[in-house]
Amino acid sequence: MSDTDMQAQFMQDFPKFSAKIQNFVLTTGFKKNAEQYEELFNQMSSIAPNDMKAYIEKSPAFLQARNESLAIMEKVVAIHKRLEDMFAMSAEVLGEIHGYDLAKIDTNIGKDIQESAKLIHQFKIVSERGRQAINDANMTM
């Protein structure tokens, strides 16, 4: 297929693809979730080390869990920002950037969504470890 034919097919298929993306955004609460993840990341990263000093001294596991959960959430926020940017692109820009290949775009979006879901699951596990470390530290204070 020539580049011109690929572009024409892409432009013809794009409205259906765009509707699929918009449906995904609406049915999953994507924007609300993205905002919550960013807010959570900002809250976590804005806590001053002095505010955590007692827990850090009593429980090195707390500091490790905090740093790990912060790094995970940073990745989740980056994925969601990348997806938001992609979802907001015009057909022309999206096509040009991704070689007018909707299947490739769809696959990449799917991979990002799966990666985000894995990271969120990891975040919950690590956060629970951090909460347990805080509880353990509180018992010794």
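For this structure, a couple of remarks:
- Distance violations [Cα-Cα > 18 Å] among 75/118; 75/111; 32/104; 16/75: 32/104; 16/75
- Of the residues 42, 50, 23, the one that moves most in a GNM of the chain with alpha-carbon contacts below 10 Å is 50.
- Whole-Hz couplings from phi, Karplus 6.51/-1.76/1.60, listed for the range 8-20; x for Gly and Pro: 5, 5, 4, 5, 5, 7, 4, x, 5, 4, 4, 5, 4
- For the chain, built as a Gaussian network whose Cα springs stay under 10 Å, the top-fluctuating residue of 71, 103, 34: 103
- Degrees, to the nearest 10: 30-46 long Cα axis against longest axis of the chain: 30 degrees
- Charge tally for residue 108 (other residues, Cβ to Cβ under 11 Å; Lys, Arg +1; Asp, Glu -1): -1.
- Excluding same-chain neighbours fewer than eight residues apart, the lysines reachable from residue 58 by a Cα-Cα span under 25 Å are 124.
- For the range 3-140, the alpha carbon convex hull comes to 103 Å³ per residue, rounded to a whole number.
- For the chain, modelled as a GNM whose springs connect Cα atoms under 10 angstrom apart, the maximal fluctuation among 98, 121, 80 occurs at 98.
- In nm, spacing of pseudo-spin labels at residue 45 and residue 89 (7 Å Cα→C-beta vector): 2.4 nm
- As a proxy for reagent exposure, ranking 2, 90, 59 by other Cβ atoms within 10 Å from fewest up yields 2, 90, 59.
- Multiplying the residue separation of residue 11 and residue 52 by 0.36 nm and removing their Cα-Cα distance gives an extension gain of 9.4 nm.
- Residue 108/residue 64 FRET efficiency (R0 22 Å; Cβ-Cβ; nearest 0.05): 0.10
- Shown for 6, 73: other C-beta atoms within 10 Å of each C-beta, ranked fewest to most, produce the order 6, 73.
Taken together, the values in this text are just the output of simple stated rules run on the coordinates, not laboratory data. These numbers come from a predicted model, not from an experiment. Every residue, glycine as well, gets a Cβ built from its backbone with ideal geometry; the counts of neighbours run over all protein chains shown.
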